[in-house]
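These notes are about the structure you will find just below.
The values are calculated or read from the model by the stated rules, or taken from the named source; none is laboratory data. Note that the coordinates shown come from a computational prediction; the quantities given were computed from them, not determined experimentally. A quick note on method: Cβ atoms are made from the backbone with ideal geometry, for glycine too, and the neighbour counts reach across all protein chains shown.
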Amino acid sequence: MSVDKQVFLSQPVRELAAARADPGARDLVGRDLAAFWHPCSQMRDYRDFAPMEVVAASGCRLTLADGRSVLDAISSWWCKSLGHGHPHLRAAIVDQLDRFEHVIVANTTNAGLVRLCERLLAAANGEPVSAYAAGAPDGRRPGHFGKVFLADNGSTAVEIALKMAVQAQAQRGQAARTRFASLRNGYHGETLATLSVGDCGLYAAPYEALLFPVEKIDGLPYRSGPDDPRWQDAAAEWPAIEAALAPRARELAAIVYEPVLQAAGQMQLYSPDLLRRLRAWSRAHGVYLIADEIAAGMGRCGAMLASHLTAPAGAHAPAADFATEVAPMLPDFATLSKGLTGGFLPLSAVLITDEIAALFDADYGDGRAFLHSNTYTGNALGVAAANAALDVYAADQILERVAETGPELRRALASLAARRPYLRDVRGCGMMAAVDVRGLDGAPLDPKRRTGYRVYREAVSRGALLRPIGDTLYLFPPLTTAPAEIAEMAAIMGASLDAVIGAAP
């Protein structure tokens, strides 16, 4: 199941790329810009920075129509956790396609669907790898999370959790609990409810009139990563956070957060100790916790859930420590997507405790059912990809590989920053690392200069897809990326910075 490290093009693919190079590719770009609206983009930018025509992808490399190879340093919007074209995931999808591709799962079931739910629960509950590996025994094991609700994308998963939280509060006699709190600088998607609980003004500002009020928690315990001496200590910041929550204690349905990693919020990291403190506070006040694990989960931060980082020994705490220290700290809801299928197909999951699920268990006439529906809930191809991804996580020891290779990302960016005084605040956890481009005095750059965007363009020309968040540069490659490929990504980032800002001394 291991990814083939030979990612260079075969001769037939090279010939295909050559055949599709200019002028045909230019014709395709023109047709693209005439018909397609690219996501999260100012379309005018594409007039002089044409979209790249991809003809093949393997591992962490994209092959363009002109024959160039481009490193995917951001896992194609953070979802390609096992790289492009993983043969085991591809084979699982083809095998499922030979049987059936999608059937409504309202009142139907299938073996792959049930198997995925059992395995996800085992992984999220901190069971050993043998409990969610390909050969794991059938049946649901006891644990913190007890039910899985499936949908098709991350924003929808968060919306489902928000709706469930409000309905669950009402059905346990707490109908006044209809408000939410979330963390400042958070991001949870781009539907109206997820924009409301998020805090990325660039995305939300045009729709402010449509959003509902949410208490935003300030003063987060930001840290540089597991090597930070205060990584597991949020004691200094907690009193102010607790004081901000206190006035809302009786009206909150839930607190929503990205555990440890705020990805779209400039790749900021905060102490896992905050999760422990939020868990204790929420239990004392009858408030649910919703952990948005969409970017941080599925191994990205070094554990199957970033919520597991509350363990005393971090992501690799022994099972006994997990049972005694982490399981009681887990949230009431956890949402997954992106790496759930290795980025092959859209799929998302909401993990729920048995206690909450029981609040919805009644006769239909009682009106307690959760009547949310997605057409493609439990899509068989997505489920097959997710089951195959779990196979690879277990068989290829992905978490161990992240523990070994991930620190290379932070070291690579630290090396860049050591010779470039305008790079500040190197941080990293698991298979991600980030650094900010600042003025020599440490002040933020004028956003109108679009420095990060110019570095992005330069990096593409040199063979790496970086796509910074504003002036925050980051590496977020597939979890299977080799150290040599990380070094190549960092070298291109450094050369691109030098070309745009000035050569390092």
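Worth pointing out:
- Hey, ALA17 assigned to a helix (DSSP H, G or I), at pLDDT 95 or above and surrounded by 15 or more Cβ atoms within 10 Å (Cβ to Cβ) or not: no
- Taking the criterion of being in contact with a Leu (Cβ under 7 Å, 6 or more places away or on another chain) and either modelled with pLDDT under 95 or among the charged types (D, E, K, R) (or both), the only residue of the range 78-114 that qualifies is GLU101.
- Residue within the range 281-292 that is surrounded by 22 or more Cβ atoms within 10 Å (Cβ to Cβ) and part of a helix (DSSP H, G or I) present: no
- Filtering the range 356-368 to residues that are touching a residue at least 60 places away in the same chain (Cβ under 8 Å) and either part of a helix (DSSP H, G or I) or not aliphatic (A, V, I, L, M) (or both) leaves ILE356, ALA357, PHE360, ARG368.
- Residue satisfying all of: in the range 329-339; touching a residue at least 60 places away in the same chain (Cβ under 8 Å) and assigned to a helix (DSSP H, G or I); nearest to GLY189 (Cα to Cα) among these: LYS338
- Test result for VAL383, touching a helix residue (DSSP H, G or I) at 6+ places or on another chain (Cβ under 6 Å), modelled with pLDDT of 95 or more, assigned to a helix (DSSP H, G or I) and under 17 Å from LEU121 (Cα atoms): yes
- Matching strands (runs of 3 or more DSSP E) fully within the range 53-134 where at least 1 residues are among the aliphatic types (A, V, I, L, M) and without any contact (Cβ under 8 Å) to a residue 24 or more places away in the chain: 54-58
- Checked against (1) under 29 Å from GLY343 (Cα atoms); (2) in contact (Cβ under 8 Å) with a residue 40 or more places away in the chain, PRO468 passes all but a single condition, namely (2).
- If the condition is being in a helix (DSSP H, G or I) and either in contact (Cβ under 8 Å) with a residue 60 or more places away in the chain or on the phi > 0 side of the Ramachandran plot (or both), then the range 401-424 contributes ARG401, VAL402, ALA403, THR405, GLY406, GLU408, LEU409, ARG410, ALA412, LEU413, SER415, LEU416.
- For the residues THR472, THR451, the requirement of being in contact with an Asp or Glu (Cβ under 7 Å, 6 or more places away or on another chain), hydroxyl-bearing (Ser, Thr, Tyr) and not assigned by TED's automatic domain parsing to the domain that holds ARG44 singles out THR451.
- Residues of the range 137-154 that turn out to be part of a loop (DSSP other than H, G, I, E, B), in contact (Cβ under 8 Å) with a residue 60 or more places away in the chain and over 19 Å from PRO331 (Cα atoms), as a count: 2
- Residue check for ARG179: in contact (Cβ under 8 Å) with a residue 24 or more places away in the chain and in contact with a Leu (Cβ under 6 Å, 6 or more places away or on another chain): yes
- Complete set of residues in the range 175-195 that are buried (at least 21 other Cβ atoms within 10 Å of the Cβ) and closer than 24 Å to ARG277 by Cβ: ARG177, PHE180, ALA181, SER182, LEU183, GLY186, TYR187, HIS188
- Qualifying residues in the range 487-503 (those that are surrounded by fewer than 21 Cβ atoms within 10 Å (Cβ to Cβ) and either charged (D, E, K, R) or touching a strand residue (DSSP E or B) at 6+ places or on another chain (Cβ under 7 Å) (or both)) - the one nearest to ARG420 (Cα to Cα): ASP498
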